[in-house]
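> First the structure, which I've put down as structure tokens, then a few questions once you've had a look.
Derivation of every value follows stated rules applied to the coordinates shown; laboratory data play no part. Quick caveat, the model's predicted, so the values are computed rather than measured. Methodologically, a virtual Cβ is constructed for each residue, glycine included, from the backbone with ideal geometry; neighbour enumeration extends over all protein chains shown.
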Amino acid sequence: MKMYIIVKDNIPDKLVPVITAHASLACYKKYENNEEMIQWMNGIFKKVVCIANDNEFEELKKEAGFIVLTESSLDHKEVSLAFCPREEYPKKFRFLKMWTPQNI
């Protein structure tokens, strides 16, 4: 089981660690009574942080079981999606690019 956290690719790298920390916690709080979240919490907390362009981000919002996060320092712009942990994700998740810092 793993939680996917998707960050928009135009977010400054220096904000991504804090955004992903907030995303993980917000997702837990939203789904804390979800059976898959409980199973994930009692196992290994696998998380995958990926980036998505605006079109990919909007397409991922059509999936179920996520929370959208905004960033106050970016005029409350949507910056990330955090998906409730699950065993299997749709195929499109496999094609997302992993986030790696460019210039922190």
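> Return the lysines within reach of residue 91: Cα separation strictly under 22 angstrom, same-chain partners fewer than 8 residues apart disregarded; answer none if there are no such residues.
Correct list for residue 91: 2, 8, 46, 47, 61, 62.
> Note down the relative contact order for the chain as a percent, whole number, built from C-alpha pairs under 8 angstrom at least six residues apart. Could the numbers behind the result be given before it?
Values: 153 pairs, mean separation 46.5, N = 104.
Computed value for the chain: 45 percent relative contact order.
> Still on this structure: What percent antiparallel are the DSSP beta bridges of the chain, to the nearest 5?
Restricted to the chain, the bridges split so that about 65 percent are antiparallel.
> Using θ = phi - 60° and the Karplus form 6.51 cos²θ - 1.76 cosθ + 1.60, what ³J(HN,Hα) does each residue of region 56-72 get, whole Hz, x for Gly and Pro?
4, 4, 5, 5, 5, 5, 7, 7, 9, x, 9, 10, 9, 10, 10, 10, 5
> Now for a different question. Using alpha-carbon positions, what is the distance between the centroids of region 1-57 and region 71-104, in Å?
Measuring centre to centre over Cα atoms gives 7 Å.
> Amide H to amide H, which residues 5 or more places from residue 99 or on other chains are under 5 Å from it, using H placed in the peptide plane?
Those qualifying (amide H under 5 Å, at least 5 residues apart or on another chain) are 49, 50, 51.
> Report the charge-dipole magnitude of region 3-98 in Debye, nearest 20, computed about the Cα centre from +1 at each Lys and Arg Cβ and -1 at each Asp and Glu Cβ.
I would put it at about 200 debye.
> So what's the angle, to the nearest 10 degrees on a 0 to 90 scale, between helix 16-31 and the longest Cα principal axis of the chain?
Value to nearest ten degrees: 30.
> How high is the FRET efficiency from residue 33 to residue 58, r the C-beta distance, R0 25 Å, rounded to 0.05?
In this case the efficiency is close to 0.30.
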